[in-house]
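Asks: I'd like to ask some things about the structure below.
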Amino acid sequence: MLLLFISLSSLHIVFAAEINPINATSDEFEYLLLAQFWPSTSCYFYFGQEECSSVPKNVTGWTIHGLWPSRPGSLGPQYCNNSLKFNFAEIASLRPQLEEYWPYLDLKGDFTELWNHEWTKHGTCAQTIPALRGEMGYFPMVMKLQRPLNVLGVLKKFNITPSYKSKYKPQDIFNALQSVFGTKTVISCMYDKKSKTHQLDQVWICFTKSFDLRDCPEAAAMAAAKLTDQRRSRIPRGKFGLEVNYRSHYHSYYVDCPSPSESALYYAPLSPPAF
C-alpha cells in the first residue's frame, strides 16, 4: 500500500491505545480486503498536483491499491515472510495489465514501488491460499478479482459520476455498491483543508478466503488505524499544502468522509484536480 501523511490528532492516540497490532503468521487472518483507488484523487493526495499532472490515458477506471489478508480489529497480518523478496522479473510479463489496473501514479518514482510494497507487506501474508502463492499467483489473482467489480460502472448506474459540478452523499455510494454486490463495503475519503473539500478516494470490498464476496467489517478500527499509520509515515507535514481532517468511527462504513447523509463529497474527474 502507498504511504502518505496525516495530521496527528487526538483520535490517533485513541486508536493507538485501543487497537493492538498483531504479529501474525500468514494463516492468521479471516478475510481478504481488496482496496481500490480512485486514481485522480489518490494521485493528487499522495503526490501533489505537480507530480500528478494527469492520470495515464490507459487508466480509465478504479485501480488496485492491494489485497490485504485481514482480521477485524487488527493491524495485520503484515510482512509475514522476509525471505519472499519481491522480484519484478517474475511478473514482468504482466506489466501492461499491471500498469492499467494496478498503476503506480508517481511518474517520478520507481514504477515497481507499489507492487513491491503490496507484495512485501500483504502478499507474503496470503501464501496459505494456493491461488495466491508466489508473485505469479498473487498479482494475477488480485487483478482477476478486481476487473469484474467495475465500481465505475456500478456507480454510474445510480447516476454517481465523476464531476466537479455535483456532490454526493457517502450513503448513496455505499447503497449503490451494496445493491449490486450484495455486501457491505467501506468508503474512504480524503479532506483537503486547502480547498475545504471532501473527495472520494478509495473503496474497500471484502472476500472470503475462497474468493466469495462478503461483508467488510464496519470501518473497523483495523482499517482506520492502517490509514492513520500510512498517512503519518512518509510525507512531511505541509507538503503540497495538504492537511487532512481525520474522521472515522468504529461503528461506521466510512473513513475520513463527511456525514453519510450529507451531500458533501466530490467524485473527481479523471483529470488534474481543479482545487
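Asks: Of all residues in the range 154-174, which are without any contact (Cβ under 8 Å) to a residue 12 or more places away in the chain and part of a helix (DSSP H, G or I)?
Replies: Lys156, the sole residue that qualifies.
Asks: Oh, and also: Restricting attention to the range 69-104, and to residues there that are assigned to a loop (DSSP other than H, G, I, E, B) and over 21 Å from the mean Cα position of the chain (by Cα), which single residue is surrounded by the fewest Cβ atoms within 10 Å (Cβ to Cβ)?
Replies: Per the stated criteria, the residue is Ser83.
Asks: When residues of the range 70-113 are filtered for being of a type in the set (A, V, I, L, M, F, W, C) and free of Cβ contacts under 8 Å to residues at least 40 places away in the same chain, how many remain?
Replies: The first filter runs over the range 70-113 and keeps only residues of a type in the set (A, V, I, L, M, F, W, C), leaving 75, 80, 84, 86, 88-89, 91-92, 94, 98, 102, 105, 107, 111.
If we keep only those that are free of Cβ contacts under 8 Å to residues at least 40 places away in the same chain too, we end up with 88-89, 92, 111.
Result for the range 70-113: 4.
Asks: Only one residue in Ile160, Ile205 is crowded, with 18+ Cβ neighbours inside 10 Å, in contact with a strand residue (DSSP E or B) (Cβ under 8 Å, 6 or more places away or on another chain), closer than 30 Å to Leu94 by Cβ and of a type in the set (Val, Ile, Thr). Which one? First the steps, then the outcome.
Replies: Values: Ile160 fails: closer than 30 Å to Leu94 by Cβ.
Ile205 is the lone residue from the list that is crowded, with 18+ Cβ neighbours inside 10 Å, in contact with a strand residue (DSSP E or B) (Cβ under 8 Å, 6 or more places away or on another chain), closer than 30 Å to Leu94 by Cβ and of a type in the set (Val, Ile, Thr).
Asks: Can you name the residue in the range 105-142 that is closer than 23 Å to Tyr44 by Cβ and buried (at least 21 other Cβ atoms within 10 Å of the Cβ) and, of all such residues, is modelled with the lowest pLDDT?
Replies: Among them, the one singled out is Leu105.
Asks: If you take the residues in the range 81-95 that are hydrophobic (A, V, I, L, M, F, W, C) and touching an Asp or Glu at 6+ places or on another chain (Cβ under 8 Å), which one is farthest from His122 (Cα to Cα)?
Replies: Keep residues of the range 81-95 that are hydrophobic (A, V, I, L, M, F, W, C), which gives 84, 86, 88-89, 91-92, 94.
Filter once more, so that each one left must be touching an Asp or Glu at 6+ places or on another chain (Cβ under 8 Å): 86, 91.
Values: Phe86: 12, Ile91: 16 Å.
Ranking the candidates gives Ile91 first.
The values are calculated or read from the model by the stated rules, or taken from the named source; none is laboratory data. The shown structure was predicted, so the numbers you read here are calculated from the model rather than taken from an experiment. Here the Cβ is made from the backbone with ideal geometry for all residues, glycine too, and neighbour counts use every protein chain on show.
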